[in-house]
Amino acid sequence: MKFLLITIIPHVPNPRTGEVTPITERFREVIAAAELAEELGFDGFGVGERHEPPFISSAPPVVLSHIAAKTSRIRLFTAVTTLSLLDPVRAYEDYATLDHLSGGRLELIIGKGNGAAQARLFNVTPEDQWDRNREGYRLLRRLWREERVTWEGRYRPPLRDAVVVPRPLQREIRIWHGSATSRESVELAAENGDPLFSANVAQPIEPYAELIDYYRERWAYHGHDPADALVGAGSAGYYAARRSQDAIETYRPIFEARTARLRRSGQDPVFPTLEDALERSSLLVGSPQQIIDKVMRYHERFGHEVMHLPADRDGLTERQQRETLELFQSEIAPVLRKEIPSRPFPEPVSPTPTTGGTP
């Protein structure tokens, strides 16, 4: 199994102290988390995309470029690139550039995104968001693969023998499709032979499992070898300690503060208590063996080879975050890597010498 840390860079009060970290410092925390992830041996680090409060992740290519300069091995993920909101030509330019700056360590997770405010900001409607996502994906794929593109669609001006630069370092990039609750992303992934990344955060296991089952069904329908299907899945939170009692005691005030914030915003928590979340959600809190057992139970249902943990401290101290991630890598990850074989991630790409000039 492969392991990522992922953040959508929430900018909210510390659930234990109520303090709000200044924006500059919040970005520095994200960079530090990526450096820690590489130091400890995680396989990837992801930055999501949101265009509305309380998130400050509106420019993931910029953040990931800074992370690329601070790291050398870890793969860099977008989580997700909201193609329904973006001009795919501009998205291609950003990420082809990042592909070079990272030494070919980039992987894209795409999706239509969510949130009414950001949809209004980009003039996207519930009626057209999936069509925009599908059209953006297909054009992005062509731009990545072809040096000259002639294309016409509904949501941006047509291209006529267009040359879009720079050409990427990875001539073929893996594009994952992020899926939370709808079959549209699942169908697009299966149709095109791409991997699926299930959010697996906000609901009990069954809705996510049903979508993954549908992905595998549609994968076979489109003529792909079932053995080639690749699935990743998220987790709703993580904190491990050698004794489960200590893990629960540390995490309880964090969980309760987050639940109270949801209620203040008018939302009913799906998991009203920590005990309920531990029983029915993908929250990973407890001893190393308890976490191993829970991931294995999810794997029996999902068949996933990649999973993510939250990259944010979320009320933990810097020391607590380091210690619990060290415990994950020393006692949890080795067992899961052994028990759940996974396909290797691509190796970084060495630049191909050129004689100069734009093709």
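Around the amide H of Val285, modelled in the peptide plane, lie the amide H atoms of Tyr239, all under 5 Å away and 5 or more residues distant in sequence or on another chain.
Given +1 at the Cβ of Lys and Arg, -1 at the Cβ of Asp and Glu and no other charges, the dipole of the chain around its Cα centre is 460 debye to the nearest 20. A simple rule links phi to the HN-Hα coupling: the Karplus curve 6.51 cos²θ - 1.76 cosθ + 1.60 with θ = phi - 60°, which for the stretch 113-124 gives x, 8, x, 5, 5, 6, 5, 5, 4, 9, 6, 10 Hz, with x for Gly and Pro. Panel note: the C-alpha atoms of the stretch 54-168, placed on their principal axes, show extents of 41, 41, 16 Å (largest first). Backbone amide hydrogens, once placed in the peptide plane, bring Leu169 within less than 5 Å of His100, excluding anything fewer than 5 places away on its chain. For the stretch 34-79, trypsin sites (Lys or Arg not before Pro) are listed when DSSP marks them as loop and at most 14 other Cβ atoms sit within 10 Å of their Cβ; the list is Arg73.
Each peptide in 300-306, 110-116, 142-148 was scored by the mean count of other Cβ atoms within 10 Å over its residues; highest first, the order is 110-116, 300-306, 142-148. When shorter helices are ignored and each DSSP H run of at least 4 residues is given -39500 (n - 2.57), the per-residue value for the chain at 222 nm works out to -13500 deg cm²/dmol. Between helix 129-145 and the chain there is an angle of about 60 degrees, using the helix long axis and the longest principal axis of the Cα atoms. Listed values for the stretch 194-211 are Karplus-derived 3J(HN,Hα) couplings in whole Hz (6.51 cos²θ - 1.76 cosθ + 1.60, θ = phi - 60°), namely 9, x, 10, 10, 7, 4, 6, 10, 9, 10, x, 5, 4, x, 5, 4, 5, 5, and x replaces Gly and Pro. Shown in residue order for the stretch 305-315 are the 3J(HN,Hα) couplings computed by the Karplus curve 6.51 cos²θ - 1.76 cosθ + 1.60 at θ = phi - 60°: 10, 10, 9, 10, 10, x, 8, 7, 5, 6, x Hz (x for Gly and Pro). Considering only alpha-carbon pairs that sit under 8 angstrom and 6 or more positions apart, the relative contact order computed for the stretch 244-331 is 29 percent. Of the GluC sites (Glu not before Pro) found in the stretch 1-50, those in coil by DSSP whose Cβ has at most 12 other Cβ atoms within 10 Å are Glu19. Distances between placed amide hydrogens fall under 5 Å for Phe197 paired with His177, Gly178, Ser179, Gly232, all partners being 5 or more residues away or on another chain. Compared with the dominant principal axis of the Cα atoms in the chain, helix 318-327 is inclined by about 80°. With respect to the chain, whose longest principal axis is taken over its alpha-carbon atoms, helix 23-40 is tilted by about 90°.
A short reminder: the numbers here are calculations on the coordinates, not readings from a lab. Small disclaimer: the values here were computed from a predicted structure and weren't measured. All Cβ positions, even for glycine, are placed from backbone atoms using ideal geometry, and neighbour counts span all protein chains on display.
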